[in-house]
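We did not get these values from a lab; they are worked out from the coordinates using the rules stated. In this text the structure is predicted, and so the values were computed from the model without any measurement. In this analysis, Cβ positions are derived from the backbone assuming ideal geometry, glycine residues included, and neighbour counts consider all displayed protein chains.
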Amino acid sequence: MSSTDHSLLSSYREALLEHLFAGEVMRHIWVSGIKRLEVLKPQVDDGGYDLVLETSSVVRHVQLKATFRGSTVRRFTVNAGLASKPSGCVVCMHFEEKTLDLGPFFWFGGAPNKPLPDLSGFQIAKHTKGNSQGVKTLRPNLRVVPLSAFEPVATIPLLAARLFGQDGV
């Protein structure tokens, strides 16, 4: 896949990466002995999350971010609405550009059944395009979170432990 394909077909790639991520987490949970992991997808994506992952004891509202390995992207917009969800979190996944292999991951969240870390100290995001006067207005419900605020997580098993706790994997 060329760089042009990645940009022209970014919505398809995003959906594919989301499915790959959910499948890898489901596989890990299954082989760990927990056979049920529900994966729910919101009808509209304005709630601040892309997926809901639910085991018998933890419900995670997950906002996914993705960028290819070697990318210079070092900050991500996070929807502040995610803070109102139980166990909201953000997972940034790096992927191999040619094969779409996932990992490493970067975690921004709290322990299972705990809220998202406070977003109030992060910069308010601006629109990427200017209005009719060329001014890039603020987007009050989005915060810019630097990659340095995320915790590196090397593998799906380690990420599953962040999502569901040691007892949940």
In nanometres, what is the gap between the two model label sites at Ser57 and Gln123, each 7 Å from Cα along Cα-to-Cβ?
4.0 nm
Under Karplus coefficients 6.51, -1.76 and 1.60, residue-wise ³J(HN,Hα) of the stretch 142-159 in Hz, glycine/proline x:
10, 10, 9, 10, x, 4, 5, 7, 8, 9, x, 9, 6, 9, 4, x, 5, 5
Could you tell me which GluC sites (Glu not before Pro) in the stretch 22-114 are loop residues by DSSP with no more than 12 other beta carbons within 10 angstrom of their beta carbon?
Glu96
Using the crude model of +1 on Lys and Arg Cβ and -1 on Asp and Glu Cβ, and no other charge, please compute the dipole size for the stretch 1-105 relative to its Cα centre, in debye to 20.
280 debye
Label points 7 Å out from Cα along the Cβ direction at Thr99 and Arg36: separation in nm?
3.6 nm
The chain: calculated mean residue ellipticity at 222 nm from DSSP helix runs of at least 4, using -39500 (n - 2.57)
-7000 deg cm²/dmol
Among Cys89, Pro152, Pro140 the positive-end extreme of the charge dipole of the stretch 53-169 (Cβ point charges):
Pro140
Amide H neighbours of Leu37 under 5 Å, counting only residues 5+ apart in sequence or on other chains, H built in-plane at 1.01 Å?
none
On C-alpha positions alone, give me the angle between the axis of helix 10-31 and the longest principal axis of the chain, in degrees, nearest 10.
20 degrees
For the stretch 33-115, what Kirkwood radius comes out of the mean inverse Cα-Cα distance, in Å?
13.7 Å
Spherically averaged projected area of the chain from its Cα convex hull (nm²)
10.5 nm²
Per-pair calculated FRET efficiency, R0 = 22 Å: Arg69 and Glu151 via Cβ, rounded to 0.05:
0.80
